[in-house]
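The values are calculated or read from the model by the stated rules, or taken from the named source; none is laboratory data. This is a predicted model, so every value here is computed, not measured. Here the Cβ positions follow ideal geometry from the backbone for every residue, glycine too, while neighbour counts run over all protein chains shown. We work out accessible area using only protein heavy atoms, side chains counted, and drop any ligands, DNA or RNA first. Shrake-Rupley method; radii C 1.70, N 1.55, O 1.52, S 1.80 Å.
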Amino acid sequence: MDAATNTSADKHGKGAMWLRLLTGGAQPAHDWAAVKAVDAILAGQDARYIAVVPDPDNRFPRARNGEAGLVEGWQLARAVHEVMQLDRAAAVKRPIVAIIDVPSQAYGRREEAFGIHQALAGAAGAYAQARQAGHPVIGLVVGLAMSGAFLAHGYQANRLIALDDPNVQVHAMGKASAARVTLRSVEALEKLAASVPPMAYDVQSFASLGILWKILQLTNLALPDEQDLALVHGALEAALADILDDPARDLSGRLQGRHRQASRRVRELLQSEWEAAD
C-alpha cells in the first residue's frame, strides 16, 4: 500500500480502507454515503461485506465521523435483510462480514426523538436473525468499536476478530465520556483499567472476556502490505470454516473467557432456580 492509500484511509476511515482491500475495490450494492455494502468472494463463495464510513455531508451532524445514526441503523438492517432474502431458499447461506470502525452511536436530541434506539435495534436484530437463519456472520474490528454502534454493527457476529494495535479499541463509551460518568479524570480511569479488564480499552483486555475469537498482529495497521492482507483473508476464511463446523451457531462460546466466571455462575444459579420451579 502506498502513501496515497494511507491518506485515503485517514480521510475516509479504516473501515472504508479495509472494505476496499478485502473486496478488491468492488462497487457497493447501493449509493449510500455512510453505509457501504459490497458483494465479493470469501473462501470461494459469495459474501457480503458491510462497513460504516464517515460522511462529512450527513444531514445529521452527529453522524458525520463514522457514527451509527438513524439512517445508518436502518441501512445496516436493510443490507443484512437483503442477503437473507436472496438466500431464503438456498441450502448454503452466504457469509456476512462486518468491518468495524465505529466511534459511537450518533448522540443528539433529534436522534433520540426520532428513534435511534429503534434504528440500531433493527440493525442488531438483522444481524442476529441472519446468524440464526444460518448465515455465517464474522466481525472484523479494524478501528474503534464503541458503544451502541458496536452493538448494532458487528457484536452479533458468530466470530469476532480484532487487529492488535493501540488504535483498535473496544468499550461501552469513549474515555472522556466514561470519565465524566464515573466522576474520574481520564488519567484515573486509565489507572483503574489496568487492574479491571472490563474497564480497559485495549483488545487484549477485551479478549479476556471471551468475546474475541482471534487477535491478528499486522506488520503495519496504517499501511498494511500484501502479507498483512493475506493474514486477514486467512483469518476470515478460518473463521468461516470454524462457524460451519459449529453445530450450535450461537454466542455461548463467549462465556468461556477467563474473566467471565461471575457471568457463568449467575447463569448456573438462574438455571437451577428455573429447573426447581418446574
Sparse-neighbourhood loop hits (trypsin sites (Lys or Arg not before Pro), the range 33-131; DSSP loop; Cβ within 10 Å at most 13 others) -> Arg59, Arg88
quick shape note, the range 148-210: Cα extents on principal axes in Å, largest first -> 35, 21, 19
CD proxy, 222 nm, the chain: helix-only mean residue ellipticity via -39,500 (n - 2.57) per DSSP H run with n ≥ 4, per residue, nearest 500, stands at -13500 deg cm²/dmol
Net charge near Ala79 (other residues with Cβ under 11 Å of its Cβ; Lys, Arg +1; Asp, Glu -1) is 0
For the chain, the dipole about the Cα centre with charges only on Cβ (Lys and Arg +1, Asp and Glu -1), to the nearest 20 debye, works out at 680
Low-density loop GluC sites (Glu not before Pro), the range 69-134, at most 15 other Cβ within 10 Å, DSSP non-H/G/I/E/B, are none
Beyond 23 Å (Cα-Cα) in this structure, taken from Lys14/Lys191; Lys14/Lys36; Lys14/Lys214, we find Lys14/Lys191
Heavy-atom accessible area of His233, protein chains in place, probe 1.4 angstrom, given in Å² to nearest 10, is 50
At the level of C-alpha centres, the distance separating the range 175-210 and the range 234-278, in angstrom, is 25
In the list (1) 55, 50, 43; (2) 46, 40, 36; (3) 65, 39, 37, the entry giving Cα extents along the principal axes in Å computed from the coordinates is (1)
Between Glu226 and Gln261, Cβ-based FRET efficiency (R0 51 Å, step 0.05) works out to 0.75
